[in-house]
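First comes the structure, then the notes that go with it.
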Amino acid sequence: MQQVHIRFHGVDQVRQFVNIVNTFDTSFDLGSGQRIVDAKSILGIMALDLSGPLRLRYHSNDAENDREITEKIAPFLYAKA
């Protein structure tokens, strides 16, 4: 299982993110605190508080697939300054 933090700056980024993760045959969970949603669901994501970083967890047993996922979601990754 991989875990990263991501942040969205607008609804358009949410749409782009959902389009990206839907291209993978991998389970993605997105959440904050105890609220967890399917990251492939735009409606689920919109139900979250998007004002801060969110925790993304995904399950992949393939290193090549992990690398590709990391590259594709890189614009959304959140790193504390």
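Here the label points at Asp25 and Ser41, each 7 Å from Cα along the C-beta direction, are separated by 2.3 nm in the simple model.
For the chain, the longest principal axis of the C-alpha atoms and the axis of helix 63-73 are separated by about 30°. As a proxy for reagent exposure, Leu50, Leu77, Leu30 were ordered by neighbouring Cβ count within 10 angstrom, fewest first; the result is Leu77, Leu50, Leu30.
Between Val11 and Asn61, the modelled label-to-label distance comes to 4.0 nm, taking each label 7 Å out from Cα in the direction of the beta carbon.
Helix 11-21 against the longest principal axis of the chain: what's the angle in degrees, Cα atoms only, rounded to the nearest 10? Taking Cα atoms only, the helix is inclined about 20 degrees.
Within the shell defined by Cβ-Cβ distances under 14 Å, the residues around Gln3 carry a net charge of 0, with Lys and Arg each +1 and Asp and Glu each -1. Full extension of the segment from Lys72 to Gln34, taken as 0.36 nm per residue of separation minus the current Cα-Cα distance, would add 11.1 nm.
A short reminder: the numbers here are calculations on the coordinates, not readings from a lab. Bear in mind that the values here come from a model prediction, so they are computed numbers and not experimental data. Please note: Cβ atoms are built from the backbone with ideal geometry, for glycine as well, and neighbour counts cover all protein chains shown.
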